[in-house]
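So the structure is just underneath, and the comments pick up after that.
FYI, it's all coordinate maths here, none of it is from the lab. Keep in mind it's a predicted model, so treat the numbers as computed, not measured. FYI the Cβ positions are ideal-geometry reconstructions off the backbone, even for glycines, and counts take in every protein chain you see.
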Ligand SMILES: [Zn+2]
């Protein structure tokens with residue numbers, strides 16, 4: 001699961017359903033401004049960290 005405050009710059013996240021891949025260019029973890037309560041989703045499912 002990928003909450004946006006856990007995403008680090010440079011990491012790639014993938015949707016296991018449609019194959020979309022997203023790379024984090026800038027993280028929000030440093031700002032402390034994130035108020036997300038749900039993981040980042042695509043196709044109704046949380047994105048997974050690409051290994
Ligand atoms: Zn998708």
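Between residues in the range 1-30 that are in contact (Cβ under 8 Å) with a residue 40 or more places away in the chain and residues that are in a loop (DSSP other than H, G, I, E, B) and within 16 Å of the ligand (Cβ to nearest atom), which pairs lie under 8 Å by C-beta distance while being six or more apart or on different chains?
Going by the 8 Å Cβ cut-off, the qualifying pairs are 1/39; 2/39; 2/40; 2/47.
Among what's in the range 2-51 and is on the phi > 0 side of the Ramachandran plot and out of contact with any helix residue (DSSP H, G or I) (no Cβ under 9 Å at 6 or more places or on another chain), pick the residue that is farthest from the ligand (Cβ to nearest atom).
In this case the residue turns out to be 10.
For the range 16-47, give me the residue count where each residue is assigned to a loop (DSSP other than H, G, I, E, B) and under 10 Å from the mean Cα position of the chain (by Cα).
Result for the range 16-47: 5.
Check 34, 43, 15 and return the single one that is surrounded by 11 or more Cβ atoms within 10 Å (Cβ to Cβ) and touching a strand residue (DSSP E or B) at 6+ places or on another chain (Cβ under 6 Å).
So the residue among 34, 43, 15 that is surrounded by 11 or more Cβ atoms within 10 Å (Cβ to Cβ) and touching a strand residue (DSSP E or B) at 6+ places or on another chain (Cβ under 6 Å) is 15.
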